[in-house]
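Please read the structure below before turning to the comments.
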Amino acid sequence: MLPFKQLQSKVVCCFIFRTMDNSNPKTIYPILMALFMAHFINDLLQIVLQTGFPQFKEDYHLSYLQIGMITLVFQLSSSIFQPLVGNYTDKHPMPFSFMIGMSFTFFGIILLAYSYNYHMILLSAGLIGIGSSIFHPEASKLAFYVAGGKRGLAQSIFQIGGNAGTALGPLLFILFVIPNGQEYIVFFSGLAIVGIFILYRIGKWYKKFLQENKRIVKNAMKIVTNLSKKQINISLFILLVLVFSKFFYVASIQSYLHLYLMDKFDFSESKAQSYLFAYLFSVAIGVILGGPLGDKFGRKYIIWFSILGVAPFTFMLPYADPFWTLVLLIIIGVILSSAFPSIIVYAQELLPGRTGMISGFFYGFAFGMGGIGAAVLGKLADLEGIQQVFIWCSFLPLLGLLTVYLPNLKKS
């Protein structure tokens, strides 16, 4: 059981005021690790839906259009609602909202296990997506609050939980569902119950904090930066463009890398998947490094290095042999993934009183760009070939040049 009772209110009551000045309050690691585990479970359950697409397609004779509609429902429900949820909880704090989100996912997983037609799968995708959209904004905001002077590190810890869940989910699906049948998806609901319990404990701690610090929480909505409204809006637009470039490029790798390698080098499917695994492992390393480096050197410089700095390697990738393709994929994964923790924290610092709304907006936008990117690039691959798509995508990191227009914010 997490040592929530050992957390003294005098430690946590300072988080909003002190995040606005140069002091260095303590980072509350028990809460961060609980958020890590909850994010791990949330994203693992998300990927179960997508991992099951080949089996659903075969069992229920679904068309590619129907598979695309399932993806669309999931992406829209998990992205559009996130900023709305974040905006509402900024104004009306709901310490148990994470638990509500995980409950939606719980029912979505059970429905998915016993779905017997396309429309039931579509409904389960919507429930899982809504669960994710409720979970992410408030969880990311709480990671910001308990970070102390290490916001980048806190965001990295939170995000790596999601990365780990996404990586492990397909393996568990292959081990337990494929040999035994769709109904075995129901066993994943046990993880959802664990997640609900963890989030209940977090909610109890969060509720106590809110009760003891009503004035501080109320004043948090009034905190502003020394930037003008125009500077804030321009900065947010630039960050969205950078998220677009990052997640469109990521969509080309995560959705089509194995097809690209099989087409270009005549790889077997297993060998191509091993390259994808190497890339995903490097992504995890980049997420771990990106946040703390942003704390140390400044988030603007990490964003600059991550988005623009990866360009030389993306340019080389379409022309590399198999060995250098593997090396470049690892380098690209580490560098490019280091940006997102810094982007999220930078955006939160632009509007410190609206951290839930900002977190939900950027997570939702990232999810949306990933889904749209996969669809657009798939259509381009049908028309022009998968190798040509990788050549075109190699130019996306040049949008990182826009980082020069971001104002310098405090590093902590």
**Asked** Restricting attention to the range 154-167, which residues are open to solvent by 10 Å² or more (accessible area, probe 1.4 Å) and either under 18 Å from residue 255 (Cβ atoms) or modelled with pLDDT of 85 or more (or both)?
**Response** 157, 160, 163, 164, 166, 167
**Message:** Please determine whether any residue of the range 190-202 is open to solvent by 30 Å² or more (accessible area, probe 1.4 Å), touching a Phe, Trp or Tyr at 6+ places or on another chain (Cβ under 7 Å), closer than 26 Å to residue 337 by Cα and touching a residue at least 40 places away in the same chain (Cβ under 8 Å).
**Reply:** no
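Table: residues versus (1) without any contact (Cβ under 8 Å) to a residue 40 or more places away in the chain; (2) open to solvent by less than 40 Å² (accessible area, probe 1.4 Å); (3) more than 26 Å from residue 176 (Cβ to Cβ).
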position	(1), (2), (3)
36	no, no, no
53	yes, yes, no
70	no, yes, no
83	no, yes, yes
89	no, yes, yes
102	no, yes, no
**Request:** Would you check which residues across the range 56-65 are surrounded by fewer than 16 Cβ atoms within 10 Å (Cβ to Cβ) and at pLDDT 75 or above and list them?
**Result:** 57, 58, 59, 60, 61, 63
**Request:** Please work out which residue is surrounded by the fewest Cβ atoms within 10 Å (Cβ to Cβ), limiting yourself to the range 257-292 and to residues that are farther than 17 Å from residue 322 by Cα and in contact with a Lys or Arg (Cβ under 9 Å, 6 or more places away or on another chain).
**Result:** 292
**Message:** If I ask for residues that are closer than 22 Å to residue 50 by Cα, touching a residue at least 60 places away in the same chain (Cβ under 8 Å) and aliphatic (A, V, I, L, M), which ones from the range 244-293 would you list?
**Reply:** 250, 251, 253, 257, 259, 261, 280, 283, 284
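Output the residue which, of all residues in the range 329-359 that are small (Gly, Ala, Ser) and over 24 Å from residue 227 (Cα atoms), is surrounded by the fewest Cβ atoms within 10 Å (Cβ to Cβ).
Across the range 329-359, the extreme among qualifying residues is 333.
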**Prompt:** Do we have any residue at all in the range 137-150 that's part of a helix (DSSP H, G or I) and open to solvent by 40 Å² or more (accessible area, probe 1.4 Å)?
**Reply:** no
**Asked** Which one of the conditions (1) open to solvent by less than 40 Å² (accessible area, probe 1.4 Å); (2) in contact with a His (Cβ under 8 Å, 6 or more places away or on another chain) does residue 308 fail to meet, given that it meets all the rest?
**Response** (2)
**Message:** With the structure loaded, tell me whether residue 252 is open to solvent by less than 70 Å² (accessible area, probe 1.4 Å), at pLDDT 90 or above and among the hydroxyl-bearing types (Ser, Thr, Tyr) or whether it fails that test.
**Reply:** no
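In the set 305, 209, which member is out of contact with any Pro (no Cβ under 7 Å at 6 or more places or on another chain), aromatic (Phe, Trp, Tyr), modelled with pLDDT under 80 and within 22 Å of residue 150 (Cβ to Cβ)?
Exactly one of 305, 209 is out of contact with any Pro (no Cβ under 7 Å at 6 or more places or on another chain), aromatic (Phe, Trp, Tyr), modelled with pLDDT under 80 and within 22 Å of residue 150 (Cβ to Cβ), namely 209.
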**Request:** Inspect the range 268-275 for any residue being out of contact with any Gly (no Cβ under 9 Å at 6 or more places or on another chain), modelled with pLDDT under 85 and closer than 18 Å to residue 385 by Cβ and give the result as yes or no.
**Result:** yes
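This table checks each residue for (1) of a type in the set (Lys, Arg); (2) under 24 Å from the mean Cα position of the chain (by Cα); (3) closer than 30 Å to residue 226 by Cα; (4) open to solvent by 70 Å² or more (accessible area, probe 1.4 Å).
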{"position": "361", "(1), (2), (3), (4)": "no, yes, yes, yes"}
{"position": "365", "(1), (2), (3), (4)": "no, yes, yes, no"}
{"position": "373", "(1), (2), (3), (4)": "no, yes, no, no"}
{"position": "381", "(1), (2), (3), (4)": "no, no, no, no"}
{"position": "388", "(1), (2), (3), (4)": "no, no, no, no"}
{"position": "392", "(1), (2), (3), (4)": "no, no, no, yes"}
{"position": "400", "(1), (2), (3), (4)": "no, yes, yes, no"}
{"position": "404", "(1), (2), (3), (4)": "no, no, yes, yes"}
{"position": "407", "(1), (2), (3), (4)": "no, no, yes, no"}
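The values are calculated or read from the model by the stated rules, or taken from the named source; none is laboratory data. It should be emphasised that the depicted structure is a prediction, and the values quoted were computed from it without experimental measurement. Cβ: placed from backbone, ideal geometry, glycine included. Neighbour counts: every protein chain shown. Heavy atoms of the whole protein, side chains included, go into the accessibility calculation; ligands, DNA and RNA do not. Shrake-Rupley method; radii C 1.70, N 1.55, O 1.52, S 1.80 Å.
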